[in-house]
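Novice: Quick one: the structure is below, and I'll ask about it shortly.
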Amino acid sequence: MHLTIRQLQVFEATARLLSFRKAADELHLSQPAVSMQIKQLEENVGLPLFEKFGKQIYLTEAGQEIYHYSRSIGQLLTEADEVINGLKGAHGGRLSISVTSTTNYFILALLGTFHKRFPGVTITLDVTNRKTLLEQLSQNQVDLVVMGCPPEGADLEAGAFMKNPLVVIAAPGHALAKQTNIPLQRLEDEVFLTRERGSGTRGAIERFFTQHGVKLTTGMEIASNEAIKQSVQAGLGLGLLSRDMLDMELELGKLVILDVEDFPIVRYWYVTHRKGKRLSTVAQAFKHFLLEESNQLLHDPPSSKGVRAL
Ligand code: PGA
């Protein structure tokens, strides 16, 4: 195949937006120019890349394959550009990071401090769950990821920078709220509001309960930490969440942490990237900042003192 980078760039925008017109607008090209690039790419590939039903265009199977590679190639070109800018000593540049939804309770404060130090840097932040982060890493769509423990054998480089204790929360009026040393087994009588499948928090909790031979009953699956907190406050069940996101509710007395034996479950936050990835100067600086400074800036939450590692 004799593809040109320009063809791939035009194809990537068209495939992402599923519209020749929107791609033309984004790339400041005319619509016929976009159609021409796609036509030439299809000739080079030897298969159609789009099909049309009514007014809507869709990717063919070959189109989906080329889309996957065009995104990776685009990311590599951006990476090359940033590495070269770094070698030239540029202070600007772009940092693309993705974080699990649980970290947005502290990551924004850290990004704020980092941005004050490097005001010329444009930061792109995506907030999503663990499953999506792993997909983004495997497709090389992001510089750095902040997540719970990355899977072993996934060709990733990861550094732990802060504790992430998971605790059991309840409404203040709950029958267990004032009890101490609640046996783990007692939780079998309770209903939990748990995160969606693919969430790192949920995976860690399921592993913990399985290891301890305790059955966890899920009353409702909720794909949002905020909604879990609200539902627990409303008395719909107990929650299992990171201590990092509970400051306000605990202070206002809207939620309590239950004193359950073997809790908190101690996890860590990791800054992660693909093994062998050439990090731009900015990405290296942010990684270093997280590993060396974030803990002091945010302090260990008091609840993480004296806890046992899982
Ligand atoms: P989650 O990730 O937001 O997907 O639950 C948190 C974690 O990995 O600990």
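The values are calculated or read from the model by the stated rules, or taken from the named source; none is laboratory data. The structure presented is a predicted model; accordingly, all values stated were derived computationally and were not measured. Positions of Cβ are backbone-derived with ideal geometry, glycine not excepted, and every protein chain shown enters the neighbour counts. These accessible areas exclude ligands, DNA and RNA; they are computed on the full protein's heavy atoms, side chains included. Shrake-Rupley method; radii C 1.70, N 1.55, O 1.52, S 1.80 Å.
Novice: List every residue pair whose Cβ atoms lie under 6 Å apart, where the two residues are 6 or more positions apart in sequence or sit on different chains, the first residue falls within segment 256-272 and is within 11 Å of the ligand (Cβ to nearest atom), and the second residue, located anywhere, is in a strand (DSSP E or B) and at pLDDT 95 or above.
Specialist: Close Cβ pairs satisfying both conditions: 265/166; 272/145.
Novice: Of all the residues that make up segment 95-122, how many are over 24 Å from residue 148 (Cα atoms) and either surrounded by 16 or more Cβ atoms within 10 Å (Cβ to Cβ) or within 16 Å of the ligand (Cβ to nearest atom) (or both)? Even if it seems obvious, please write down each step before you answer.
Specialist: Kept after step one, since they are over 24 Å from residue 148 (Cα atoms), are these residues of segment 95-122: 116-122.
Pick out the ones that are also either surrounded by 16 or more Cβ atoms within 10 Å (Cβ to Cβ) or within 16 Å of the ligand (Cβ to nearest atom) (or both) and you get 118, 121.
Count: 2.
Novice: Return yes or no: is residue 203 closer than 18 Å to residue 165 by Cα, within 16 Å of the ligand (Cβ to nearest atom), of a type outside the set (Val, Ile, Thr) and surrounded by 14 or more Cβ atoms within 10 Å (Cβ to Cβ)?
Specialist: Working: closer than 18 Å to residue 165 by Cα: yes; within 16 Å of the ligand (Cβ to nearest atom): yes; of a type outside the set (Val, Ile, Thr): yes; surrounded by 14 or more Cβ atoms within 10 Å (Cβ to Cβ): yes.
The answer is yes for residue 203.
Novice: Kindly provide the set of residues from segment 125-162 that are of a type in the set (S, T, N, Q), away from the ligand (no atom under 13 Å from the Cβ) and farther than 22 Å from residue 114 by Cβ, ordered by number. So that I can check it myself, show each step before the final result.
Specialist: Kept after step one, since they are of a type in the set (S, T, N, Q), are these residues of segment 125-162: 128-129, 132, 136, 138-141.
Pick out the ones that are also away from the ligand (no atom under 13 Å from the Cβ) and you get 138-141.
Of everything in segment 125-162, those that are of a type in the set (S, T, N, Q), away from the ligand (no atom under 13 Å from the Cβ) and farther than 22 Å from residue 114 by Cβ turn out to be 138, 139, 140.
Novice: Looking at (1) of a type in the set (Asp, Glu); (2) within 16 Å of the ligand (Cβ to nearest atom); (3) out of contact with any Ser or Thr (no Cβ under 8 Å at 6 or more places or on another chain), which is the one condition that is false for residue 81?
Specialist: Single failed check for residue 81: (2).
Novice: Assess whether residue 177 counts as being touching a residue at least 60 places away in the same chain (Cβ under 8 Å), open to solvent by less than 60 Å² (accessible area, probe 1.4 Å) and more than 15 Å from the ligand (Cβ to nearest atom).
Specialist: Working: touching a residue at least 60 places away in the same chain (Cβ under 8 Å): yes; open to solvent by less than 60 Å² (accessible area, probe 1.4 Å): yes; more than 15 Å from the ligand (Cβ to nearest atom): yes.
Considered against the rule, which asks whether it is touching a residue at least 60 places away in the same chain (Cβ under 8 Å), open to solvent by less than 60 Å² (accessible area, probe 1.4 Å) and more than 15 Å from the ligand (Cβ to nearest atom), residue 177 comes out as yes.
Novice: Does residue 243 satisfy the criteria of being crowded, with 18+ Cβ neighbours inside 10 Å and under 20 Å from residue 164 (Cα atoms)?
Specialist: yes
Novice: For segment 215-254, enumerate the residues that are touching a helix residue (DSSP H, G or I) at 6+ places or on another chain (Cβ under 8 Å), closer than 16 Å to residue 193 by Cα and in a loop (DSSP other than H, G, I, E, B).
Specialist: 215, 216, 222, 224, 237, 246
Novice: Right, residue 127: open to solvent by less than 40 Å² (accessible area, probe 1.4 Å) and within 20 Å of the chain's Cα centre (by Cα) or not?
Specialist: Working: open to solvent by less than 40 Å² (accessible area, probe 1.4 Å): no; within 20 Å of the chain's Cα centre (by Cα): yes.
Against the criterion (open to solvent by less than 40 Å² (accessible area, probe 1.4 Å) and within 20 Å of the chain's Cα centre (by Cα)), residue 127 does not qualify.
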